[in-house]
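Engineer: Encoded as structure tokens, here's the structure I'll be asking about.
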Amino acid sequence: MLTEINLIKNKFCTSTRKINLLIIWLSPLLLSVLPLRFILYGKSICIWKNLLGIDCIGCGITKSILLVFHLEFSKAYEYNKLVFIVLPILLIIWTKFIINFKNKNYVNE
């Protein structure tokens, strides 16, 4: 009985892990095909910008990253100059997360 439960648990966790891994892999691809008007022409959600009227160090980083995925490097640099430092760090973290996610065993045997 216990081994049957473990087998069902393993099958469920394996399929869930595959779906989660697929979502994680596809997220940068989805960012690259997302229309720019969804992000570029909206109101800022930055507390500093809305309350004080000044840009913080992170203002525009999301727009910059999206522009890099669309290969518009000069516009990305205009929105936030730190994008070329932050994006490689995020890609390293994302890659490490995927490697750890693929190697991790979620089922206690």
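Readers should treat all values here as calculations from the given coordinates under stated rules, not as data from a laboratory. Predicted, not measured: the structure shown is a model, and the values here were computed from it. Cβ sites come from the backbone with ideal geometry, for glycine too, and all protein chains shown count toward neighbours.
Engineer: Using unit Cβ charges (K, R positive; D, E negative) and no other charged atoms, how large, in debye to the nearest 20, is the dipole of segment 13-96 about its Cα centre?
Structural biologist: 220 debye
Engineer: Let me know the number of lysine pairs in segment 35-104 closer than 23 Å at the Cα, not counting same-chain pairs under 8 apart.
Structural biologist: 9
Engineer: Restricting to Cα pairs below 8 Å that are 6+ residues apart, what does the relative contact order work out to for segment 44-109? Please round to a whole percent.
Structural biologist: After rounding, I find 20 percent.
Engineer: Oh, and also: Tell me the label-point distance for the pair W25, F73, using the 7 Å Cα-to-Cβ offset, in nm and rounded to one decimal.
Structural biologist: Modelled inter-label distance: 2.8 nm.
Engineer: Okay, moving on. For an R0 of 25 angstrom, estimate the FRET efficiency from the Cβ-Cβ distance between I93 and K18 and round to the nearest 0.05. Don't jump to the answer; show the numbers that get you there.
Structural biologist: On the way: r = 22 Å, r/R0 = 0.86.
Once the sixth-power term is evaluated, E becomes 0.70.
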